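These notes are about the structure you will find just below.
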Amino acid sequence: MNYTITAESIYIHIPFCKTKCPYCDFASWANKENLIEQYFDALLFEIRTKCEAYKSLELRDKNRKVKRTIKTIFIGGGTPSLVSPELYEKLFSELKKYFEINNDCEITMELNPGTAREDYLLGYKNLGVNRISIGAQSFNEKILETLGRKHSADETIDAINKIKLTGFTNFNLDLIFSVPGMTKDIWIESVYKALDFAPKHISAYSLIIEPGTPFEHIYKQNKNSKALIEDDFAFEFYSELCKILKQSGFIHYEVSNFAKPGYESKHNLTYWLAKEYFAFGVSAHRYLNGMRTGNTKNLEMYISSPNHETIIDYPINYNFEKIMLVSRLSNEFDVDLIEKVTTKNRGEIRNLLKDLSNEGFIELSRDKIHLTEKGLFVNNEILLKLI
Ligand code: SF4
């Protein structure tokens, strides 16, 4: 079998958190810091054994370069900023055995307010981390409390000051809107507060009540759904956000992501452009050689058997994946792409597109579709209509 890897990006998952937020369904755990060292041993083992396997599979195919150049690394979680630079040093030296990591590689680390230590930040910077993503979520104490976040707005400000003092200039702030009890004024105030710190990038997400989380119990099963923000109102939050950030010189390049020119997240763009990537750690999913595989979501199981992975999707319906992903971007895309995946005929598609254009969800020019702000907000619903 022809085995070819084109990936130039690596995702590393660090699943430890100080506390578990009640809306979070990520693979992350509180009060398990005693497992950090064992987790890193497992992570290193996974990198070593899988990279050796990739190497031999590729070499069997043709005489490829042994070391692959990596353009982006994303250390996400969880709360990666809970872990000492010494452990990351081991991680990077393992990665460097298999990958070429140049100075221009975008290396992002997620950080949660309340965990920013100056000595750790300096250590991360010395290892090559050059982009920090801060889970600010809000600058309003009441909203932070509703979200069950254990940090205060002052701790976020303290974290931003520390990363700036360490010399990080490229940082992202994560914000959440449509939180129960949030008014438009509270939201706008948080957006302006975020801008005061001159971030290069802002990611803003509407609160989603995920199945199996305490928030599902509070807001859905307890029939407390009236407290949730309705979709029309959520769009007003989104629209305000887009307006303010546009006026402040940000490019709205993906549904939830805004960047100063040149500061778009290169790593996340690899996902949205349907490119391949490596991934290591508990619950990590990778896309290599046309196949999606994933690791266990059980922390202890991962530590005891870090090499195990299961096939998530193969063969991948590449055109379907591509349209689901590129439609998240603000760039236009070809009508052709829809025709490749839909069961509808050309006439039906044209009629649907005209309707969507009349309703203000898309702009149509020749054979290109461009989702408007209103369209981006409901991009999945639009695609489901077309496909
Ligand atoms: S800090 Fe982030 S990863 Fe950790 S529990 Fe909260 S939302 Fe989830």
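The values are calculated or read from the model by the stated rules, or taken from the named source; none is laboratory data. These numbers were taken from a predicted model, which means no experiment stands behind them. All Cβ positions, glycine included, derive from the backbone under ideal geometry; neighbour counts span all protein chains shown.
Summed over the stretch 282-298, the residues that are of a type in the set (Gly, Ala, Ser), buried (at least 22 other Cβ atoms within 10 Å of the Cβ) and outside any loop (DSSP other than H, G, I, E, B) give a count of 0. Restricting attention to the stretch 146-203, the residues that are more than 16 Å from the ligand (Cβ to nearest atom) and on the phi < 0 side of the Ramachandran plot total 35.
For the stretch 124-145, a tally of residues being free of Cβ contacts under 8 Å to residues at least 12 places away in the same chain and among the acidic types (Asp, Glu) returns 1. Of the conditions (1) away from the ligand (no atom under 16 Å from the Cβ); (2) in contact with a Ser or Thr (Cβ under 8 Å, 6 or more places away or on another chain), residue 115 fails just one. Which one is it? Going through (1) away from the ligand (no atom under 16 Å from the Cβ); (2) in contact with a Ser or Thr (Cβ under 8 Å, 6 or more places away or on another chain) one by one, residue 115 breaks only (1). Going by what's in this entry, would residue 193 be described as within 22 Å of residue 249 (Cβ to Cβ), under 20 Å from the mean Cα position of the chain (by Cα), modelled with pLDDT of 95 or more and not acidic (Asp, Glu)? In short, no.
Has the stretch 205-215 got at least one residue that is closer than 24 Å to residue 373 by Cβ, in the same structural domain as residue 176 (by TED's automatic domain parsing) and in a strand (DSSP E or B)? Yes, the stretch 205-215 has at least one match. Among the residues of the stretch 1-34, the ones that are farther than 27 Å from residue 266 by Cβ, within 16 Å of the ligand (Cβ to nearest atom) and in contact with an Asp or Glu (Cβ under 8 Å, 6 or more places away or on another chain) come to 1 in all. Take the conditions (1) buried (at least 18 other Cβ atoms within 10 Å of the Cβ); (2) among the charged types (D, E, K, R); (3) under 30 Å from residue 290 (Cα atoms); residue 275 misses just one of them, which is (1). Kindly provide the set of residues from the stretch 79-111 that are within 16 Å of the ligand (Cβ to nearest atom) and within 23 Å of residue 50 (Cα to Cα), ordered by number. 80, 108, 109 - these are the residues of the stretch 79-111 that are within 16 Å of the ligand (Cβ to nearest atom) and within 23 Å of residue 50 (Cα to Cα).
Among what's in the stretch 228-281 and is of a type in the set (D, E, K, R) and part of a loop (DSSP other than H, G, I, E, B), pick the residue that is modelled with the lowest pLDDT. Per the criteria, the residue is 230.
Taking the criterion of being without any contact (Cβ under 8 Å) to a residue 40 or more places away in the chain, more than 14 Å from residue 10 (Cα to Cα) and in a helix (DSSP H, G or I), the residues of the stretch 93-123 that qualify are 93, 119, 120, 123. Entry remark, the stretch 122-137: residues being within 16 Å of the ligand (Cβ to nearest atom) and farther than 18 Å from residue 241 by Cβ number 1 in total. Among helices (runs of 4 or more DSSP H) entirely within the stretch 313-386, having at least 3 residues that are among the aliphatic types (A, V, I, L, M) and within 26 Å of the chain's Cα centre (by Cα) singles out 318-326, 335-341, 379-386.
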